[in-house]
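Below: one structure, written as C-alpha cells.
The values are calculated or read from the model by the stated rules, or taken from the named source; none is laboratory data. Remember, predicted model here, so these are calculated numbers, not experimental data. Cβ sites come from the backbone with ideal geometry, for glycine too, and all protein chains shown count toward neighbours. Ligands, DNA and RNA are stripped out before the accessible areas are found, and what is left, the full protein with its side chains, is counted by its heavy atoms. Shrake-Rupley method; radii C 1.70, N 1.55, O 1.52, S 1.80 Å.
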Amino acid sequence: RLKLDDPRKARDHFSEAVARAAPGRKEKTENSRNKGSGKNKNVHHEAVEKTGDGDDKVYEPALVRLAETHAALLEWEASERRNEEIHKRFPKTAIATQAKFGRGWALENLRKYDDAIALFREVVALKERDPLSARCQLHIGECLFGQKKFDEAFIELVRVQTTYRMPEWAAKAL
C-alpha cells in the first residue's frame, strides 16, 4: 500500500498504472506456437505487438488518483490535463463531475479564473445539494475575489451558506 504522506511515490505508482492500462497502448508480448507433435514438437516463440483496448477497471481509478496526486503536489498543469482526460474518456460516469471540479481547481491555481468559473458553474448547475457543489460555489467566489471583483465574489460566497447549508463550506466562505 502507498503511504498517504508520500504523494510523489503515489504519483509515480499511478503514472505507471495509467500507462499499463491506457487504451491503445502497444505492448510486445511473446506468442508461443507449437510445431510438430510429441517429442518432436518444437516451440516457436515470436514477438507479437498488440494494441490494447485499455482496462477501464484499472485505468479510470488510476487516472483519478493520478490527477489527485498532481494536485497534492501542486502540479497544476498536469492535474488539469489529467482531469480533462478523465472527463473526455468517462463523460457519463459519476467521476466526470469530480473531474470538472478537479480541472476547475487546477485552472483556478493557474489563475485562469474565467475557465475555472465556467467549470465550477457547470457543477453547480446540476442542482445537487452536495459537498462538491458547495465547494464549487465557494471556488466561484474565490475566483472572482482573485479577479478583484469583490462585490460579485461576496454574492457567490454568501450563496455557499444560503444555498447549501453545509457548515464546513459555509465557514470557509465567510
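Restricting the range 67-174 to trypsin sites (Lys or Arg not before Pro) that sit in a DSSP loop and have at most 14 other Cβ atoms within 10 Å of their own Cβ leaves Lys92, Arg111, Lys127, Arg129, Lys148, Arg165. Label zone (Asp12, point 7 Å along Cα-to-C-beta; backbone nitrogen cut-off 20 Å) within the range 72-88: 72-76, 78-79.
In sequence order, the range 9-21 has phi-based couplings of 5, 5, 4, 5, 4, 6, 4, 5, 5, 5, 4, 5, 9 Hz under the Karplus curve 6.51 cos²θ - 1.76 cosθ + 1.60, θ = phi - 60°, and Gly or Pro positions carry x. Shown in residue order for the range 137-147 are the 3J(HN,Hα) couplings computed by the Karplus curve 6.51 cos²θ - 1.76 cosθ + 1.60 at θ = phi - 60°: 4, 4, 5, 4, x, 5, 5, 5, 4, x, 8 Hz (x for Gly and Pro). The phi-based Karplus calculation (6.51 cos²θ - 1.76 cosθ + 1.60; θ = phi - 60°) puts the 3J(HN,Hα) values of the range 122-127 at 4, 5, 4, 5, 5, 6 Hz, whole numbers, x for Gly and Pro. Pair-distance distribution P(r) for the range 75-174, from all Cα-Cα distances in 10 Å bins starting at 0: 18, 48, 29, 4 percent.
Given in Å, the Rg to one decimal and the Dmax to the nearest whole number for the Cα atoms of the range 109-162 are 10.3, 29. Solvent exposure of the range 92-149, expressed per residue, is 51 Å² of accessible area, with all protein chains present and a 1.4 angstrom probe.
As a test of the definition: which semi-axes, in Å, follow for the range 132-174 when you take the square root of five times each eigenvalue of its alpha carbon gyration tensor? Largest first, please. Mind dumping the intermediate values first?
Numbers: eigenvalues 56, 16, 11 Å².
So the three semi-axes of the range 132-174 are 17, 9, 7 Å.
Among the GluC sites (Glu not before Pro) in the range 66-164, which ones are in a DSSP loop with at most 14 other Cβ atoms within 10 Å of the Cβ? Mind listing them? Those satisfying the criteria are Glu128.
Leaving out ligands, DNA and RNA, what percent of the accessible area of the range 64-174 is carbon and sulfur, probe 1.4 Å? The computed percentage sits at 52.
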